[in-house]
Amino acid sequence: MNFDLNRIVRDNIRNLKPYSSARSEFSGTAKIYLDANENSFGSPLLKWYNRYPDPLQWEVKKKIAAIKNIVSENMLLGNGSDECIDLLIRAFCNPKEDNVIICPPTYGMYEVYAHINDVPVKEVPLTTVFQLNLEGLEAAIDAKTKIIFLCSPNNPTGNSLDREDIEMILNNFDGIVVIDEAYINFSRLRSFVPELKDYPNLVVMQTLSKAWGLAALRLGMIFASKEIIDVLNSIKPPYNISLPAQDLALKALDNLEDVNAMIKETVKERDLLVRELSGLSIVQKVFPTDANFVLVRMQGATKIYNYLKEQGIIVRNRSNVILCEDSLRITVGTPQENEQLIMALRTFKTT
Ligand SMILES: *Cc1c(COP(=O)(O)O)cnc(C)c1O
């Protein structure tokens, strides 16, 4: 591997003179702040909210860094993983020129943000057992390939990608390898975050939206080398994480034990749900899952999807997605919700 970040970053980004906010030019404490055109009289409703928040969210990062056993300088926070994906594409991919590789069936946002940024997308579908097609990847990579997006555990299939395959790509691809670990907390497998020191081209994404139960907060995380983080920091909106989000994240991050208990509960319920689904005659295959959802192949999936909808139960119909023909993606619910789902499926009549 011959990774050179300077070659990967777009010229305009490398030469960018980033916006220097009032809060980044002076970050200590002072008696009087007259530097940011804030409302000096305060806010009628929310004390302190008249001030701009910390642009680099150091308090929040410190807490996450302690949990992840890394340093804050290896981390960027985004307004959800959505913003993280967008930042990565904008930092490294010249519109109409560079390309990214995705491995469908996978999370839809990589492709959407590539298209928004006018960046061509190459597709190298997973194998029939939802693993990486290494030869296909090798053939697809060209001099203009800047990013390969991998998702493990993968959405919508639920399985983890083989670690040796990911390592093979990390060792041989000269561009950025993004591993989206949105569901890693539900998996038996280790995160790639500890490998950051070994791979200068590695970017790991995680989120508070799933295991932490905070989808409404909009907090996504990027873990990467300090050099990559510096590039991303230079292009992110200065105040991309609002003060309410930072404050609530600080509170939430104190509840690691409760979150771990919830993860255990979810995994237990998932395994139960898998067993129940496997016993249904309409179910053809329950795919192995390391996430908080399960992909299920059923005869007449769309009919079943509509039937469940009539019963007030909404699942995700993935029937039109490559390799997911006749498949529904079902999120693990509470014990009561799962029971109602199974009961509804039991009474479904194939006619
Ligand atoms: C749910 C999900 C996310 C989370 O996105 P946020 O914008 O952080 O809510 C990221 N990646 C994948 C694959 C997901 O399924």
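The values are calculated or read from the model by the stated rules, or taken from the named source; none is laboratory data. Note that the structure is a prediction, hence the values are computed from the model and not measured. FYI the Cβ positions are ideal-geometry reconstructions off the backbone, even for glycines, and counts take in every protein chain you see. Note: accessible area is taken over every heavy atom of the protein model, side chains too, but ligands, DNA and RNA are not part of it. Shrake-Rupley method; radii C 1.70, N 1.55, O 1.52, S 1.80 Å.
Go through the residues of the stretch 93-111 one by one and say whether even a single one is on the phi > 0 side of the Ramachandran plot and touching a Leu at 6+ places or on another chain (Cβ under 8 Å). Explain how you work it out, then say what you get.
First, the residues of the stretch 93-111 that are on the phi > 0 side of the Ramachandran plot: 96.
With the extra rule that they be touching a Leu at 6+ places or on another chain (Cβ under 8 Å), the set shrinks to none.
Checked the stretch 93-111: no residue is on the phi > 0 side of the Ramachandran plot and touching a Leu at 6+ places or on another chain (Cβ under 8 Å).
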* **Odd one out for Ala143, checked against (1) at pLDDT 95 or above; (2) more than 27 Å from Asn2 (Cα to Cα); (3) open to solvent by 80 Å² or more (accessible area, probe 1.4 Å)** => (2)
* Any residue at all in the stretch 17-29 that is aliphatic (A, V, I, L, M), away from the ligand (no atom under 16 Å from the Cβ) and either touching a residue at least 40 places away in the same chain (Cβ under 8 Å) or over 17 Å from Asn233 (Cα atoms) (or both)? -> no
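For Glu135, indicate whether it is closer than 30 Å to Ser327 by Cβ, open to solvent by 70 Å² or more (accessible area, probe 1.4 Å), outside any strand (DSSP E or B) and of a type in the set (D, E, K, R).
Values: closer than 30 Å to Ser327 by Cβ: yes; open to solvent by 70 Å² or more (accessible area, probe 1.4 Å): yes; outside any strand (DSSP E or B): yes; of a type in the set (D, E, K, R): yes.
Judged against the criteria, Glu135 is a match.
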* **Meets criteria (closer than 18 Å to Asn159 by Cα, touching a residue at least 40 places away in the same chain (Cβ under 8 Å), open to solvent by 40 Å² or more (accessible area, probe 1.4 Å) and within 25 Å of the chain's Cα centre (by Cα)) for Ile263** => no
* Determine whether Leu46 is open to solvent by 70 Å² or more (accessible area, probe 1.4 Å) and out of contact with any Gly (no Cβ under 7 Å at 6 or more places or on another chain). => yes
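Restricting to the stretch 228-239, name every residue that is within 16 Å of the ligand (Cβ to nearest atom), within 23 Å of Thr145 (Cα to Cα) and either surrounded by 24 or more Cβ atoms within 10 Å (Cβ to Cβ) or of a type outside the set (A, V, I, L, M) (or both).
First, pick out the residues of the stretch 228-239 that are within 16 Å of the ligand (Cβ to nearest atom): 232, 236-237.
Going one step further and asking which of them are within 23 Å of Thr145 (Cα to Cα), we end up with 232, 236.
Answer for the stretch 228-239, where residues must be within 16 Å of the ligand (Cβ to nearest atom), within 23 Å of Thr145 (Cα to Cα) and either surrounded by 24 or more Cβ atoms within 10 Å (Cβ to Cβ) or of a type outside the set (A, V, I, L, M) (or both): just Lys236.
Which residue out of Val178, Val121 is without any contact (Cβ under 8 Å) to a residue 24 or more places away in the chain and either touching a Lys or Arg at 6+ places or on another chain (Cβ under 9 Å) or within 24 Å of Leu5 (Cα to Cα) (or both)? Reasoning before the result, please.
Working: Val178 fails: without any contact (Cβ under 8 Å) to a residue 24 or more places away in the chain.
None of the other options fit; the residue is Val121.
For the stretch 67-89, give me each residue that is among the small types (Gly, Ala, Ser) and within 14 Å of the ligand (Cβ to nearest atom).
Kept after step one, since they are among the small types (Gly, Ala, Ser), are these residues of the stretch 67-89: 72, 78, 80-81.
Matches in the stretch 67-89: Gly78, Gly80, Ser81.
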* Structure fact -> Requiring at least 3 residues that are among the basic types (Lys, Arg) and at pLDDT 95 or above, the helices (runs of 4 or more DSSP H) wholly within the stretch 1-108 are 58-68
* Asked: If you go through the stretch 147-169 one residue at a time, how many are within 16 Å of the ligand (Cβ to nearest atom) and either farther than 22 Å from Ile85 by Cβ or in contact with a Lys or Arg (Cβ under 6 Å, 6 or more places away or on another chain) (or both)?
  -> 1
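Limited to the stretch 87-102, what total is found for residues that are farther than 14 Å from Val9 by Cα and open to solvent by less than 10 Å² (accessible area, probe 1.4 Å)?
At the first step, the residues of the stretch 87-102 found to be farther than 14 Å from Val9 by Cα are 96, 101-102.
If we keep only those that are open to solvent by less than 10 Å² (accessible area, probe 1.4 Å) as well, we get 101-102.
The total comes to 2.
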* To do: Note down all Cβ pairs under 6 Å where the first residue falls in the stretch 288-312 and is in contact (Cβ under 8 Å) with a residue 40 or more places away in the chain, the second is open to solvent by less than 40 Å² (accessible area, probe 1.4 Å) and of a type in the set (Ser, Thr, Tyr), and they're at least six residues apart or on different chains.
  => Asp290/Ser160; Asp290/Ser187; Ala291/Tyr183; Asn292/Thr266; Leu295/Thr157; Leu295/Ser327
